[in-house]
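Following: one structure in structure tokens, then a few remarks.
The values are calculated or read from the model by the stated rules, or taken from the named source; none is laboratory data. All values reported here derive from a predicted model rather than from experimental measurement. Cβ atoms come from the backbone with ideal geometry, glycine included; neighbour counts cover every protein chain shown.
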Amino acid sequence: MTDWSVPNWGEPWEPDIEVPLLQALAAKVAAAWPHIEGRPDFSTVGAAVVEFFSGPVCIARACVSALDPSAPLFSCYLGALEDEFHGHNIEAIASLVGHYTDALPDTEI
């Protein structure tokens with residue numbers, strides 16, 4: 001079980017808004033692509049990130065800016081070259097992660 005406990009970083013960060021959004025993104029990806037696991041990375045103070053793994057390989061990372069909680073902005077970085085995508089639509093970002101792994105050759109997974 002992955003620990004999604006909200007870190008207590010204090011001011012000015014608001015992980016209590018960002019962490020549930022990232023957890024929701026990870027859940028959407030896992031529901032559509034069960035072979036992809038989203039794991040939180042809160043090792044850097046102030047930086048809530050979810051990393052997506054296909055087996056032992058980290059294939060994507062995502063973070064979210066919730067300056068406007070009604071319109072969070074997701075940032076997704078795919079692959080070793082970290083192709084970058086940004087958007088407010090959580091469904092679209094989840095789709096990017098899943099379809100990216102579908103396009104990988106079997107030898108890279």
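Mind checking whether some residue in the stretch 8-26 is under 14 Å from the mean Cα position of the chain (by Cα) and either of a type in the set (S, T, N, Q) or over 21 Å from P69 (Cα atoms) (or both)? Scanning the stretch 8-26, I find at least one residue that is under 14 Å from the mean Cα position of the chain (by Cα) and either of a type in the set (S, T, N, Q) or over 21 Å from P69 (Cα atoms) (or both), so the answer is yes. Filter the stretch 1-33 down to the residues that are modelled with pLDDT of 90 or more and polar (S, T, N, Q) and list them by number. Residues satisfying the conditions are S5, N8, Q23. The number of residues in the stretch 48-57 being free of Cβ contacts under 8 Å to residues at least 24 places away in the same chain and loosely packed, with under 14 Cβ neighbours inside 10 Å comes to 1.
Applying the criterion of being surrounded by fewer than 13 Cβ atoms within 10 Å (Cβ to Cβ) and over 21 Å from E18 (Cα atoms) to the residues of the stretch 83-107, the residue that is modelled with the lowest pLDDT is T107.
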